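To start, the structure itself, in structure tokens.
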Amino acid sequence: MKLVFWGVRGSIPVPGPHTVRYGGNTSCVQVELGPSEPILIFDAGTGIRELGQALSARTDSLDIHIFITHAHWDHIQGLPFFDPLFKSNCSITFYSLKRRGHALSDVVNSVIETRYFPLSRADWEARIRFVEFENEESFSVGSGISVSTSRLNHPWIANAYRVDYQNKSMVYATDTAPFEHVILDWDFISRAPDVSQPVDPQIKEQLQVMRHNLISLCKDADVLIYDTMFTDEQYARNPHWGHSAPSHALAVCEESGVRHLVMFHHAPERSDEEMDILVADAVELASKTNVKISAAQEGHSILL
């Protein structure tokens, strides 16, 4: 199993001299399982464009599976530029959590309406299929390839994915707030809750269930790719934005037995030098644990 990072940034692409080392494209991670296996892609931010260019150079039939965490713009904005959609030798299956009144097909088709983009859905030559799953559902996408899911704590309800293949495992969990102060559901909360106040017992119980399910999903995974957009101080100011700090990610790793935490969904305003500091602080925080810490960098890969 090989993890390839094509986009690691959150919110908006930020190309430029201050993001050269970590990268400026938004979320897109490829999981390679072998030349004859399906191609797994997690999220379709702007990083998916370059991935699509690499795949479109191939002349063999491609079986591509795209797993969408949620439909916020930074996770789908690269789709119109994904070349395999326009190739007849490609079969592409989209996956997403089933959402009330919002079919996955409508979300995907909306990004290529002619009022927004010069081409239309009719120009896609690939064979397209849509799969919507229930919360906490597991399924297979090929022989010996298991995908499991769990809800995250983020507006519009993001979803985490786990892939198990030949005794290797990875979890992709972005975007999410820690399960501590507020439940983030369908609507955005415009005012930050006071994190110094006690949490309503019913809400606290629901948050504990959500966290338990995520810990179960991550159990003994080789790698966890996790939202670390905030520092602890930034989270305290904006707990309703639906993002975490490295301390929250490390706590998940320790509780679930994850061996390697990959920091992800980097803040768009954070420069390479500032990322170096954030990573160094996280490594120091993890120094008394058995968890390896690294940060996702565009163009880099991890071989399991």
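Figures for the structure shown
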{"quantity": "Calculated FRET efficiency for the pair Glu233/Val283, C-beta based, R₀ 22 Å, to 0.05", "calculated": "0.75"}
{"quantity": "Additional length obtainable on full extension of the chain from Asn167 to Asn109, 0.36 nm per residue less Cα span", "calculated": "17.3 nm"}
{"quantity": "Rounded to 5, percent antiparallel among DSSP beta bridges of the chain", "calculated": "45 percent"}
{"quantity": "Cβ charges +1 (Lys, Arg) and -1 (Asp, Glu), total dipole of the chain, debye", "calculated": "520 debye"}
{"quantity": "Rounded FRET efficiency, nearest 0.05, which uses the C-beta distance separating Glu132 from Lys219 and R0 of 35 Å", "calculated": "0.90"}
{"quantity": "Val195/Thr59 FRET efficiency (R0 41 Å; Cβ-Cβ; nearest 0.05)", "calculated": "0.15"}
{"quantity": "His212 versus Tyr116: modelled label distance in nm, points set 7 Å from Cα along the beta carbon direction", "calculated": "3.9 nm"}
{"quantity": "Kirkwood Rh in Å, taken over all unlike Cα pairs in the chain", "calculated": "19.5 Å"}
{"quantity": "Per-residue Cβ neighbour rank within 10 angstrom, fewest leading, Thr69, Thr231", "calculated": "Thr231, Thr69"}
{"quantity": "Segment Ser36-Lys2, length gained on full extension (0.36 nm per residue, minus Cα span)", "calculated": "10.8 nm"}
{"quantity": "Residue-averaged 222 nm ellipticity for the chain, from DSSP H runs of 4+ at -39500 (n - 2.57), nearest 500", "calculated": "-6500 deg cm²/dmol"}
{"quantity": "Translational diffusion of the range 32-190, µm² s⁻¹ [Kirkwood Rh, Cα pairs; Stokes-Einstein; 25 °C; 0.890 mPa s]", "calculated": "149 µm²/s"}
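Each reported figure results from applying straightforward, stated rules to the coordinates on display, with no laboratory input. Bear in mind that the values here come from a model prediction, so they are computed numbers and not experimental data. Glycine also receives a Cβ, built like all others from the backbone with ideal geometry; neighbour counts cover every protein chain displayed.
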